[in-house]
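Working notes, structure below.
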Amino acid sequence: MVLFLVGFMGCGKSSIGRQLARRLGYGFVDMDADIERQAGMTVSEMFDRHGEAYFREREREALARYAGLADTVVATGGGVPCGVGNMETMNRCGVTVYFKMTPEKLALRLRHGRDKRPLLRGKDDGELLAFIRERLPQREPFYGQARLVIDCDGVSDDYIAEHVVRYMENSVK
Ligand code: S3P
C-alpha cells in the first residue's frame, strides 16, 4: 500500500509523512529529495537550468516508479496533483490524503522555507500570502480528488498524523 500525501507547499507533507511512516511501520519517500537524487541537482537548479516543465516531467516519472511500492508513505511535491493524470495514478495505486490549510496558516509555515522553493524565492511576506491566495484555489480541484481530506486548521501535526493512522487502521486493508 502506498500512502500519497498531497497539498500545498508548507502543509506538512514531509514532516508529518516521516512521523506517519514511523507509526505505521512503512518506508518513507520525500519526492523532491528523490527527484533531486535521481537528477543530481536541486529542484531550484532544475527550474533554473531546464525550466519548470522539465521538473514536472521528472515528477511524472517519479510517480510511475512509486506505483508498485509496498507499504510506503510518499510526501509528494505541492504541484504533483495538477499534472495531467497524476491524481488518477495516485488514486489507482494507493491512498491519497490531502492536508487542507488556509492561505494564512500556509504563509506562516512557509516564512522560513522560501529559499529552497523556486516558486517562492524572493517574495516578501505580503507577496507570499498573495501568491498562496491566488494559487491555492487553482489547485483545490486537484487536491480535492484525494480519498481523505483533512481540515488542518487549528490542529497540531500530531493530531493530523493520528487522524491518518486511525483512517488507515479502520478503512484500509
Ligand atoms: C512545488 C512544491 C515543492 C517543489 C517545487 C514546486 C509546487 O514541493 O516540488 O518547489 O509547485 O507547489 P513542496 O510542496 O514539498 O514544498
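The values are calculated or read from the model by the stated rules, or taken from the named source; none is laboratory data. As the structure is a computational prediction, the values presented were derived from the model and not from experiment. Glycine gets a Cβ as well: all are built from the backbone with ideal geometry, and neighbour counts include every protein chain shown. What goes into the accessible areas is simple: the full protein's heavy atoms, side chains included, and nothing from ligands, DNA or RNA. Shrake-Rupley method; radii C 1.70, N 1.55, O 1.52, S 1.80 Å.
Of note:
- Residues of segment 66-89 that are more than 14 Å from the ligand (Cβ to nearest atom) and surrounded by 15 or more Cβ atoms within 10 Å (Cβ to Cβ): 66, 69, 72, 87, 89.
- Every residue from segment 90-116 that is out of contact with any Ser or Thr (no Cβ under 9 Å at 6 or more places or on another chain) and within 13 Å of the ligand (Cβ to nearest atom): 98, 99, 101, 106, 109, 110, 112, 113, 114
- Any hit, segment 162-171, residues being of a type in the set (Asp, Glu), more than 15 Å from the ligand (Cβ to nearest atom) and open to solvent by 20 Å² or more (accessible area, probe 1.4 Å): yes
- Checking 129, 119 one by one, the residue that is within 16 Å of the ligand (Cβ to nearest atom), in a loop (DSSP other than H, G, I, E, B) and at pLDDT 95 or above is 119 and no other.
- Residue within segment 35-47 that is assigned to a loop (DSSP other than H, G, I, E, B) and away from the ligand (no atom under 15 Å from the Cβ) present: yes
- Members of segment 1-58 found to be of a type in the set (Val, Ile, Thr), open to solvent by 10 Å² or more (accessible area, probe 1.4 Å) and free of Cβ contacts under 8 Å to residues at least 60 places away in the same chain, listed by number: 29
- Residue check: residue 73 meets all listed conditions (1) of a type outside the set (D, E, K, R); (2) in contact (Cβ under 8 Å) with a residue 60 or more places away in the chain; (3) in a helix (DSSP H, G or I) but one, namely (3).
- Among residues of segment 111-161 being among the aromatic types (Phe, Trp, Tyr) and closer than 15 Å to residue 79 by Cβ, the one that is most open to solvent (accessible area, probe 1.4 Å) is 142.
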